[in-house]
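Remarks on the structure that follows.
The values are calculated or read from the model by the stated rules, or taken from the named source; none is laboratory data. Small disclaimer: the values here were computed from a predicted structure and weren't measured. Counting neighbours? That spans all protein chains shown, and the Cβs are built from the backbone with ideal geometry, glycine included. For the accessible areas, the whole protein counts, side chains as well, though only heavy atoms, and no ligand, DNA or RNA atoms are used. Shrake-Rupley method; radii C 1.70, N 1.55, O 1.52, S 1.80 Å.
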Amino acid sequence: ISLHVSRAWSVVISGSLDGSALLWDRERGLHIQSIWHAGGDCSIEYAAVHLIAVNESTGNIATCSTHSLWLHTINARPVARLDLTSNVPRAWVPCVTSIAFHERDYSHLGILAIGNADGSVAFYTWNAEGTPEDARAQWGFLKVLDIFQERLAS
């Protein structure tokens, strides 16, 4: 139900109703890796991967289903997950309507922009702050900015 072609990384990523995002070698047409949204606390009915973005500089892959936004490496290793159900009315399915990486040489943060059904845009970065010193890094999304326009009463 979604498709993204990365020229820089020579991959095609296809999102599916079953909660998978498949990475394909663009030149050979071979399946390379799989990313899964279904399983755990997410049922398959809400796991369909309807949005995909690739950061052409780093190879990071963002995939979005109704319940989750995931960040993976180009090798399909999970980096961070954002639960999208915590503050969203059920009537908005999906609530996220677009995703895109901010790619600039001068940007010191990795930024992922998320467009919502109400016209608002949220900007997220990801980091491992808050991980205990003796633990393995636990990456998470951190909201940097929200932009939205107040609706005028008619």
Candidate set from the range 67-126 (those that are modelled with pLDDT of 90 or more and aromatic (Phe, Trp, Tyr)); member that is surrounded by the most Cβ atoms within 10 Å (Cβ to Cβ): Tyr124
Number of positions in the range 15-31 that are without any contact (Cβ under 8 Å) to a residue 24 or more places away in the chain and either among the small types (Gly, Ala, Ser) or under 14 Å from Thr73 (Cα atoms) (or both): 2
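Just to be sure, is Gly59 at positive phi and modelled with pLDDT of 90 or more?
On the way: at positive phi: yes; modelled with pLDDT of 90 or more: yes.
Considered against the rule, which asks whether it is at positive phi and modelled with pLDDT of 90 or more, Gly59 comes out as yes.
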Selected residue (criterion: least open to solvent (accessible area, probe 1.4 Å)) from residues of the range 127-153 that are acidic (Asp, Glu) and free of Cβ contacts under 8 Å to residues at least 24 places away in the same chain: Glu150
Every residue from the range 19-52 that is of a type outside the set (Lys, Arg), modelled with pLDDT of 90 or more, part of a loop (DSSP other than H, G, I, E, B) and more than 14 Å from the chain's Cα centre (by Cα): Glu27, Gly29, Leu30
